[in-house]
Amino acid sequence: MQKSAIFLASLTLPLALAACGSSKAPAEPVAEPEASASAAPGEFPASLAAFGDGYPNKGDPCRRLGESETTANWLDDSADLVGCPTKESADKLGGSIVETVEGIFVVSVPVKARQDHDALVPGTDFHATTTISCAVGEGADLQDCKAGVKRKWGDDGTSLVEVTKPDGTKRAIFFRDTTPFSADSAQADGSAGWDFKVTRDDRDNSVVTFGPERYVIPDALITGG
């Protein structure tokens, strides 16, 4: 009788252990890794032919887009085609969003909107600086003079070109679009009564004659072209 009891106990113990093991909770399923995106956020796909170090200014998040099979239908001589990594940066350009390509907002920015975002030449309050031809004094020969432009300087959209004359004094000439219409004058230098005249040459320059002074100012300085 005692041996029978021991034999039954030896059979029961493994069965009990097996039953306990079967009650263990199943292991959590291993999560599948997410599929990687086609491009990292802010990365410009090759199909957009992006170039430059920022738009409209160096270091900005948007970039100019060149000609490619993808961009061909959006290119326009009267506007810049630009890509921006966020809608916020695209909206700031003042253009029209024409498409979104792999997370990049494609924006057509008219020339006027681009000029409104003109950057200043570092260390100056000019949008562009250059050297123009000028002559100061009756019969004087043309020579190089430094000039800078302040685009959209006036509330009415007029631009101002400031020329540094050979003696270091300055003359301001005012433009509506690419047409000069006036210059600053003063009693001190006798310019208050001077005539203001404009002619055009065959190289897209305005030739301004103000009294005994003459200035040859290229359209490109005004437009940024």
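Below is a table of values for the structure above.
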item	result
Some residue of segment 115-125 being in a strand (DSSP E or B) and at pLDDT below 95	no
Matching residues in segment 122-160 - criterion: being touching a Gly at 6+ places or on another chain (Cβ under 9 Å) and either closer than 23 Å to residue 204 by Cα or surrounded by 13 or more Cβ atoms within 10 Å (Cβ to Cβ) (or both)	126, 127, 128, 129, 130, 149, 151, 160
Among the residues listed as 62, 134, 84, the single one being within 30 Å of residue 211 (Cβ to Cβ) and either modelled with pLDDT of 85 or more or of a type in the set (Gly, Ala, Ser) (or both)	134
Subset of segment 161-177 that is without any contact (Cβ under 8 Å) to a residue 24 or more places away in the chain and assigned to a strand (DSSP E or B) - its residue that is surrounded by the most Cβ atoms within 10 Å (Cβ to Cβ)	174
Residue, farthest from residue 215 (Cα to Cα), within segment 137-177, restricted to residues that are touching a Leu at 6+ places or on another chain (Cβ under 9 Å) and β-branched (Val, Ile, Thr)	149
Checklist (1) farther than 30 Å from residue 205 by Cα; (2) in contact (Cβ under 8 Å) with a residue 40 or more places away in the chain; (3) out of contact with any Phe, Trp or Tyr (no Cβ under 7 Å at 6 or more places or on another chain) applied to residue 104, failing item	(3)
Tally, over segment 183-225, of residues that are closer than 19 Å to residue 169 by Cα, of a type in the set (A, V, I, L, M) and not in a loop (DSSP other than H, G, I, E, B)	5
Matching residues in segment 53-68 - criterion: being exposed (fewer than 15 other Cβ atoms within 10 Å of the Cβ), touching a strand residue (DSSP E or B) at 6+ places or on another chain (Cβ under 8 Å) and more than 18 Å from residue 120 (Cβ to Cβ)	66
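The values are calculated or read from the model by the stated rules, or taken from the named source; none is laboratory data. Please read all numbers here as calculations on a predicted model, not as lab measurements. Reconstructed Cβ throughout: ideal geometry from the backbone, glycine too, with neighbour counts over all protein chains shown.
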